[in-house]
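Reviewing the structure listed below.
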């Protein structure tokens, strides 16, 4: 779990089949999307656009609107910042972007109303900074695989498993990792009183009701009384018809970043960080606490844990990364109980990536600065093959 990052090779001479010959590799920073995490994706892109080395890479910013249109986007990082509660958004006023339609045609096309399509050129790597469904869940990754385009992060299966909390828990538990007790309410299943009563009988109170395939704590409710359960399920189903109901775990909320290994080497784990909610206006680390209320939460990096617990968290994080089949990066969230048991809560295959997000902060504490982390992720994507692997 050595976190050392080897010096990056020169991208113009490292032997990768760059689409544009001796030019700098072109990186498409892709963000926005159809999920409820659209604004967080934009903020993440702003951080990456600010940090990526423009002398090393040719960068093109592409946004996906809330209705799924791909458009050329402003690559000014300030345009995508969250300020004073204002959430950024990709609009559809810009020229449309079309990916290659097969493995032979390598050029990205730009289409403007009333004009002949023009060629933007080939893209060597897509950095897909989308969170949630229709971006982080394997759908976008499948599109890029069809076009034979390299991209940062996990492939189709790992992305889909990491997005679906039900499937994720099954895979993690099947690999021998400890997960908390949970139940599932499938899409289309009726949340009748008998079913909800059974959830409480099986899991106890309090419990957490979550959309199975959403992130950024969207749609999550902490339920402390049986009477709250119907409304909690309805809130979760505003984001996803499939709902996961989890028993509350008493413990510290600890996170750990994982980076894929170079040239077949094992994945690497950062020092862990801890989330501490400090204000009683937040019952847990919800959307507002994450992004809109800096005074209501403390992110401690590195977490103040005994050395043996720190190493246990890092070991579990890498095991989770490998169990799901992740590539590139992931953030693994765990609970550390009073008796030092490490219980996996979830794995996030494209974690928030602003300079203030926990994932880059944990790597910063481990000795890998933000800009170097961005460069390493692009390098990992350039290194791997396309097609089945």
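Taking other C-beta atoms within 10 angstrom as a stand-in for reagent exposure, 220, 82 fall in the order 82, 220, fewest first.
Spacing of the modelled spin labels on residue 72 and residue 322, each 7 Å from Cα toward Cβ, amounts to 4.6 nm. Neighbour counts of other Cβ atoms within 10 Å put 362, 28 in the fewest-to-most order 28, 362.
I'd like to compare 344-354, 187-197, 173-183: which one has the highest average count of other Cβ atoms within 10 Å, and what's the full order after that? Each step should come with its number before you reach the end.
On the way: 344-354: 24.8, 187-197: 12.1, 173-183: 14.9.
Going by the mean number of other Cβ atoms within 10 Å, highest first, we get 344-354, 173-183, 187-197.
The reciprocal of the average 1/r between distinct C-alpha atoms defines the Kirkwood hydrodynamic radius, which for the stretch 26-152 equals 14.7 Å. Determine the shape class of the stretch 344-389: with a ≥ b ≥ c the square roots of the Cα gyration tensor eigenvalues, call it rounded for a/c under 1.5, and otherwise prolate if a/b is greater than b/c, oblate otherwise. Oblate is the answer for the stretch 344-389, as a/c is 1.5 or above yet b/c matches or exceeds a/b.
Here the stretch 328-352 is scanned for amide nitrogen atoms under 16 Å from the site 7 Å beyond the Cα of residue 308 along Cα-to-Cβ, giving 337-342. Any chance you could give the angle, 0 to 90 degrees and rounded to 10, that helix 38-51 forms with the longest Cα principal axis of the chain? Roughly 50 degrees, rounded to the nearest 10.
Which residues among the stretch 45-73 fall inside the zone where the amide N is under 15 Å from a point 7 Å beyond the Cα of residue 23, along Cα→Cβ? Residues 55-61 fall inside that zone. Helix 307-324 and the longest principal axis of the C-alpha atoms of the chain enclose an angle of approximately 60°. Three principal axis extents describe the C-alpha atoms of the stretch 182-247; from largest down they are 27, 22, 18 Å.
Springs between alpha-carbon pairs under 10 angstrom, Gaussian network model over the chain: which of 75, 23, 322 fluctuates most? Looking only at 75, 23, 322, the biggest GNM fluctuation is shown by 23.
Taking R0 as 41 Å, what FRET efficiency do you get between residue 227 and residue 93 from their Cβ-Cβ distance, rounded to the nearest 0.05? Don't jump to the answer; show the numbers that get you there.
Details: r = 47 Å, r/R0 = 1.14.
Given R0 = 41 Å and the Cβ-Cβ separation, E is 0.30.
Between residue 389 and residue 178, the contour length at 0.36 nm per residue exceeds the alpha carbon distance by 73.1 nm. Shown for 123, 275: other C-beta atoms within 10 Å of each C-beta, ranked fewest to most, produce the order 275, 123.
Distance from the C-alpha centroid of the stretch 26-57 to that of the stretch 234-257: 26 Å, rounded to the whole angstrom. Between residue 118 and residue 81, the C-beta separation translates, for a Förster distance of 35 Å, into a calculated FRET efficiency of about 0.70.
Give me the angle, in degrees from 0 to 90, between the Cα long axis of helix 165-174 and the longest principal axis of the Cα atoms of the chain, rounded to the nearest 10. Once rounded, one gets 80 degrees.
Taken together, the values in this text are just the output of simple stated rules run on the coordinates, not laboratory data. Remember, it's a predicted structure, so these values are computed and weren't measured experimentally. Heads up, the Cβs are rebuilt from the backbone with ideal geometry, glycines too, and the neighbour counts pull from every protein chain shown.
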